[in-house]
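Student: This is the structure, below, for whatever I ask next.
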Amino acid sequence: MNTGEVYRSDADQRVSERVRTIALFTAILGLVINFFVCAVYVASGVSNFLIYAEVAVYASILAAMTVCALRRYQIKRTFTIGLLSIFAVFWVGTFIEALTEQTAPFDFPLVLFVPLFLVIILHHKILFSLIPVQAVCVYFYTSEFAVHSLGPDWTATDQQAFSFMIAAFSGFSFCALGIVAFARERADDRLYELISEKIALASTDGLTGLMNRRAFMEHLRRIWPTRSRVQIAFIDLDHFKPLNDQYGHSVGDEVLKTVAERIGHVPAVSATARLGGDEFAVLIEENASAHTVEDILTALHQALSRDIEWESGLITIGASIGYAEGITTQQSLSGLLRSADTAMRRAKNGHLDWAMFNPQIDNAALATSTLEVELKSAIRNGQIKAAIQPIANAKTRDTVAYELLTRWTDSGFERDPSPTDFIPIAEKLGLLNEILWVTLDEALSHLDLCAHQLAINVSPAQLLASDFLASLVSILERHEVSPNSITIEITEEVAFRNVDRNVAILNEARALGISIALDDFGTGYSSLSMLDTLPLDKLKIDQSFVRKSDQSEQSKSILLAAIRLAKQLGLESCVEGIETQQFAARVAVLGADHIQGYWIGRPQLVKDAKAAVKLAS
Ligand code: C2E
Ligand code: MG
Ligand code: MG
């Protein structure tokens with residue numbers, strides 16, 4: 001199917017939806033009218049079998065039209081045949097009634113107007129061909145049956161002239177209807193063209209004339225239920241950006257056009273799209289076997305790797321191609337797209353011509369890219385929730401603070417991703433601040449901030465965002481929370497890059513009253529000089545120290561040294577990962593100020609936190 005056909009079928013679909021609505025409305029309205037007419041006959045005691053037979057035939061035809069419209073079966077044809085049948089039944093019934101002398105004088109106007117309403121929405125050609133039928137029927141009916149009661153003392157010439165005039169009038173009214181129908185059909189055709197043009201404009205990539213991403217996805221969605229498997233390839237041009245920079249955008253555009261044209265010449269490609277930038281996608285023909293797929297991918301790669309002739313010489317391009325196939329009953333379309341994309345990235349990173357998606361090799365990368373895609377919508381859809389974990393005084397075990405943590409809930413995955421899965425991805429995508437504002441906002445709306453502190457985790461990239469402190473302060477102001485009740489937990493990475501800038505921001509935060517804690521102390525490349533460089537108030541000693549302290553005296557001494565170091569530097573110490581009472585007692589003896597861990601309390605979604613927590617104001 002080429003791009004034009006895709007748009008036409010889209011327009012056809014919209015127009016036929018309109019026809020269906022009209023057909024359904026007409027048939028249901030007809031059924032309702034038929035029912036009321038029948039009810040009137042019954043109420044007025046009419047016992048004529050012929051009338052009820054006629055009503056029953058109308059009802060059957062209209063019911064058949066309704067069913068066809070509902071089931072989208074041959075809507076136009078059944079609609080036309082249905083109305084024509086009602087027209088024919090009307091005239092046959094009328095003549096039988098007249099011949100059996102069961103007509104009343106007031107039936108006469110019915111033969112003029114009822115057929116008019118029956119055919120009003122038919123095609124103009126049918127309307128024009130019905131003119132003689134209607135005129136002849138009206139003439140015979142009038143001259144043979146009606147005229148005697150209308151003008152009993154008319155002469156034979158008067159009767160003929162009257163019948164002829166009435167027949168001509170009825171014929172003209174059909175003719176007028178035909179002209180109106182013709183005008184309406186022209187308007188409909190124009191509308192159809194406009195819809196096709198609009199769809200084409202919205203679905204075409206302006207530069208290459210290929211489908212754009214939207215149209216390609218729409219096309220895949222449409223064919224998905226009709227095929228057992230769908231095979232696609234994603235193509236990403238190599239070194240396109242430097243080429244664009246070196247030769248200029250007009251050359252870049254020509255390259256993209258040439259690529260589009262070349263893809264079009266590769267056999268067994270059934271649809272091609274430019275997804276954006278230098279990314280293309282192709283849908284492979286339905287019955288391509290495993291062997292031919294390899295040939296197709298090789299042909300695609302060869303076509304795209306041929307140099308392009310340009311005024312100033314030859315332009316060398318290349319392409320990385322990722323292929324994936326999906327069994328439509330077992331897999332989702334979005335899963336297939338991600339697989340092809342993952343295979344394409346492997347081809348690019350491994351400098352391969354093409355790569356076929358292989359679950360054994362690509363599943364880990366696929367999981368990451370799936371999380372990347374889903375995380376953004378998770379934030380938008382409110383699946384990212386705030387959780388809090390208590391931090392207690394090591395001696396009294398009273399809760400003195402809470403740490404704000406993030407949870408991804410109702411993710412739709414087999415298991416909800418943990419922060420260790422998605423926080424690095426959020427960091428890579430620059431979404432950590434967005435997550436912080438969402439969770440902090442949720443936490444502050446639920447918590448009563450009177451007697452406790454709230455610690456938030458902030459990574460170096462978050463700190464560097466130009467509006468970080470301003471946004472933080474504005475959220476605190478909105479919830480009427482003093483900066484004194486907030487602690488920023490940073491990790492030692494803050495001291496690795498942009499140290500001066502990070503230190504400046506932390507100092508600014510401290511000037512506002514916010515405390516700074518160094519998180520996970522002892523895990524990374526902890527250098528003691530860092531403690532001197534960073535403006536700190538607290539030291540959070542990593543949970544690994546606690547665990548090891550059980551294993552040897554040496555490890556216990558290191559934990560003690562870390563607690564003492566904090567004390568000597570004038571910092572509050574907090575030991576993380578306290579899972580048992582025994583550990584809690586041990587670190588209290590060693591002199592830790594605060595403790596945090598499952599024994600004190602596990603992280604809990606803020607909305608589930610039972611007691612309203614009071615943070616210091
Ligand atoms: P963290 O800041 O050191 O937070 C403490 C982590 O230790 C939490 O894991 C918590 O559930 C876990 N934990 C607490 N007590 C115990 C215990 O007794 N035993 C054990 N085994 N674990 C305990 P979580 O929530 O999975 O978070 C992991 C890390 O992800 C956090 O470590 C933090 O660095 C990061 N993180 C979590 N939420 C956010 C966030 O909103 N923003 C940023 N930037 N980082 C976050
Ligand atoms: Mg932390
Ligand atoms: Mg920690």
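The values are calculated or read from the model by the stated rules, or taken from the named source; none is laboratory data. This structure is a prediction, so every number in the text was calculated from the model and none was measured. Every residue, glycine among them, receives a Cβ derived from its backbone with ideal geometry; neighbour counts consider all protein chains shown. For the accessible areas, the whole protein counts, side chains as well, though only heavy atoms, and no ligand, DNA or RNA atoms are used. Shrake-Rupley method; radii C 1.70, N 1.55, O 1.52, S 1.80 Å.
Student: How many residues, within the stretch 532-554, are under 53 Å from the mean Cα position of the chain (by Cα), of a type outside the set (A, V, I, L, M, F, W, C) and in a helix (DSSP H, G or I)?
Tutor: The number of residues fulfilling the criteria is 7.
Student: Can you say whether residue 463 is within 13 Å of ligand 1 (Cβ to nearest atom), surrounded by 20 or more Cβ atoms within 10 Å (Cβ to Cβ) and more than 24 Å from residue 600 (Cβ to Cβ), as far as the supplied structure shows?
Tutor: So residue 463 fits the description; yes.
Listed here are the residues, each with its yes/no results for (1) aliphatic (A, V, I, L, M); (2) open to solvent by less than 90 Å² (accessible area, probe 1.4 Å); (3) free of Cβ contacts under 8 Å to residues at least 40 places away in the same chain.
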| position | (1), (2), (3) |
| --- | --- |
| 120 | yes, yes, no |
| 128 | no, yes, no |
| 134 | no, yes, no |
| 145 | no, yes, no |
| 157 | no, no, yes |
| 171 | no, yes, no |
| 176 | yes, yes, yes |
| 181 | yes, yes, no |
| 197 | no, no, yes |
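Student: Residues that are in the same structural domain as residue 221 (by TED's automatic domain parsing) and touching a strand residue (DSSP E or B) at 6+ places or on another chain (Cβ under 6 Å): find the strands (runs of 3 or more DSSP E) completely inside the stretch 247-329 holding 2 or more of those. Before you say what the answer is, go through the steps one by one.
Tutor: On the way: elements: 269-276, 279-284, 308-310, 313-315, 318-327.
Ranges flagged: 269-276, 279-284, 318-327.
Student: What are the residue pairs meeting all of these: first residue in the stretch 416-443, first residue at positive phi, second residue open to solvent by 20 Å² or more (accessible area, probe 1.4 Å), Cβ atoms under 9 Å, and 6 or more apart or on different chains?
Tutor: Qualifying pairs under 9 Å: 430/461; 430/465.
Student: Mind checking which pairs have a first residue in the stretch 504-531 that is modelled with pLDDT of 95 or more and part of a loop (DSSP other than H, G, I, E, B) and a second that is away from ligand 2 (no atom under 16 Å from the Cβ) and among the polar types (S, T, N, Q), Cβ under 8 Å, 6 or more apart or different chains?
Tutor: That search, which allows pairs on different chains as well, returns 513/482; 513/484; 514/484.
Student: Any residue in the stretch 392-410 that's farther than 11 Å from residue 600 by Cα and open to solvent by less than 70 Å² (accessible area, probe 1.4 Å): show its pairings with residues that are more than 8 Å from ligand 1 (Cβ to nearest atom) and of a type in the set (Asp, Glu) at Cβ separation under 7 Å, as long as the two are six or more apart or on different chains.
Tutor: Once the first residue is farther than 11 Å from residue 600 by Cα and open to solvent by less than 70 Å² (accessible area, probe 1.4 Å) and sits in the stretch 392-410, its partners that are more than 8 Å from ligand 1 (Cβ to nearest atom) and of a type in the set (Asp, Glu) give 408/416; 409/416.
Student: Moving on to the next point. Which pairs do you get when a residue that is closer than 16 Å to residue 89 by Cα and without any contact (Cβ under 8 Å) to a residue 60 or more places away in the chain, found in the stretch 30-57, comes within reach of a residue that is open to solvent by less than 70 Å² (accessible area, probe 1.4 Å) and outside any helix (DSSP H, G or I), reach meaning Cβ atoms under 7 angstrom, with the pair 6+ apart or on two chains?
Tutor: Cβ pairs passing all conditions: none.
Student: Let me ask something additional. So for the stretch 534-554 (the condition being away from ligand 1 (no atom under 16 Å from the Cβ), in contact (Cβ under 8 Å) with a residue 40 or more places away in the chain and touching a Pro at 6+ places or on another chain (Cβ under 8 Å)), does at least one residue qualify?
Tutor: no
Student: Sort through 537, 532, 550 and tell me the only one that's within 16 Å of ligand 2 (Cβ to nearest atom) and either open to solvent by 20 Å² or more (accessible area, probe 1.4 Å) or not hydroxyl-bearing (Ser, Thr, Tyr) (or both).
Tutor: When all the criteria are applied, what remains is 537.
Student: Scan the stretch 348-382 residue by residue and report those that are open to solvent by less than 40 Å² (accessible area, probe 1.4 Å) and outside any helix (DSSP H, G or I).
Tutor: Within the stretch 348-382, 355, 382 meet the criteria.
Student: Of everything in the stretch 481-503 that's touching a Leu at 6+ places or on another chain (Cβ under 8 Å) and in a helix (DSSP H, G or I), which residue is farthest from ligand 2 (Cβ to nearest atom)?
Tutor: It comes out as 501.
Student: Hey, could you check the stretch 578-589 for residues that are open to solvent by 30 Å² or more (accessible area, probe 1.4 Å) and not acidic (Asp, Glu) and say which is nearest to the chain's Cα centre (by Cα)?
Tutor: 580
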